[in-house]
Amino acid sequence: MKKFLVFFTFVLLFSSCSEYQNALKSEDVAVKYEAAEKMFEAKKYSKAIRLFEQIAPAYKGKPSAEKMFYMYSQSLYLTKQYYSAGYQFESFVANYPKSQKLEEASFLGAKCYSKLSPVYSLDQIDTYKAIDKIQAFIDEYPESSYLAEANIVAKDLREKLEKKAFEVAKQYNTIEDYKSAIVALDNFMINYPGTIYKEKALYYKFDSSYKLAINSVPSKMQERLEDAKTAYNNLVKLNTNSEFKNKADEMLARIENDLKQFSKIN
């Protein structure tokens with residue numbers, strides 16, 4: 001019995017492969033479509049794509065084109081070819097505005113762009129594009145069953161931009177351009193008032209203010225020390241148990257000591 005099942009399975013696989021190869025070579029579009037649909041239903045998406053690519057130009061405008069382009073788009077998406085899938089889903093939405101698959105295609109098309117968004121350290125042009133696409137979907141389908149997932153995708157994309165902005169601002173501190181660091185960190189906190197990086201941003205602003213002050217010429221030192229002291233107060237006001245408290249307290253002691261010389265002069 002087991003030998004029979006193995007033999008039967010082998011015959012089916014061979015038959016399927018043979019049918020697929022024949023369809024690839026066939027000049028009959030209908031044969032290719034039937035084989036492509038079978039490959040799609042069998043979750044053999046890469047093989048289905050090869051056949052869809054061959055028949056797509058000939059199917060435009062035909063009654064069965066809607067289903068074919070939906071399967072084609074899905075196959076690309078499920079094989080993680082997100083650039084091509086996004087293009088195909090957008091074309092599907094434009095060409096079949098009355099389709100029952102319109103909402104799903106709109107969401108998946110937008111989601112494809114989110115998949116193209118790179119890690120935060122790289123250029124974020126695709127992230128901005130993805131946010132525009134997913135927000136357009138949310139605006140168009142506010143009652144969608146995909147809304148919860150769309151909101152999560154949008155949130156993740158925005159958090160990536162937030163992290164990118166923080167790291168760029170922090171980088172000025174790293175390269176010891178303390179004036180630029182103070183400005184950049186201030187701008188970051190203005191642009192992202194509820195940021196999860198606020199404590200870190202306040203610390204690096206204080207650190208930058210402190211280092212700018214202690215390395216200043218005498219004529220600018222007092223004012224900059226006072227600015228650094230204000231930056232310290234803003235940090236501990238946010239969180240009295242900040243992870244940076246010990247280091248910040250050591251810097252504050254230096255600031256207080258350096259300020260004494262100016263009180264004697266005055």
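For LEU259, the stated conditions do not hold, so it cannot be described as open to solvent by less than 70 Å² (accessible area, probe 1.4 Å), in a helix (DSSP H, G or I), in contact with a Phe, Trp or Tyr (Cβ under 6 Å, 6 or more places away or on another chain) and not charged (D, E, K, R). Filtered by the rule that a residue be part of a helix (DSSP H, G or I) and open to solvent by 60 Å² or more (accessible area, probe 1.4 Å), region 164-183 gives VAL168, GLN171, TYR172, THR174, LYS179, VAL183. When we screen ASP186, ASP227, ASP249 for residues that are under 24 Å from LEU122 (Cα atoms), of a type in the set (Asp, Glu) and in a helix (DSSP H, G or I), the only hit is ASP186. Within region 26-43, being open to solvent by 40 Å² or more (accessible area, probe 1.4 Å) and not in a helix (DSSP H, G or I) holds for GLU27, ASP28, ALA42, LYS43.
The values are calculated or read from the model by the stated rules, or taken from the named source; none is laboratory data. A quick note: this is a predicted structure, and the numbers were derived from the prediction, not measured. Positions of Cβ are generated from backbone atoms using ideal geometry, with glycine treated the same way; all protein chains shown enter the neighbour counts. Only protein heavy atoms, including side chains, enter the accessible area calculation; ligands, DNA and RNA are left aside. Shrake-Rupley method; radii C 1.70, N 1.55, O 1.52, S 1.80 Å.
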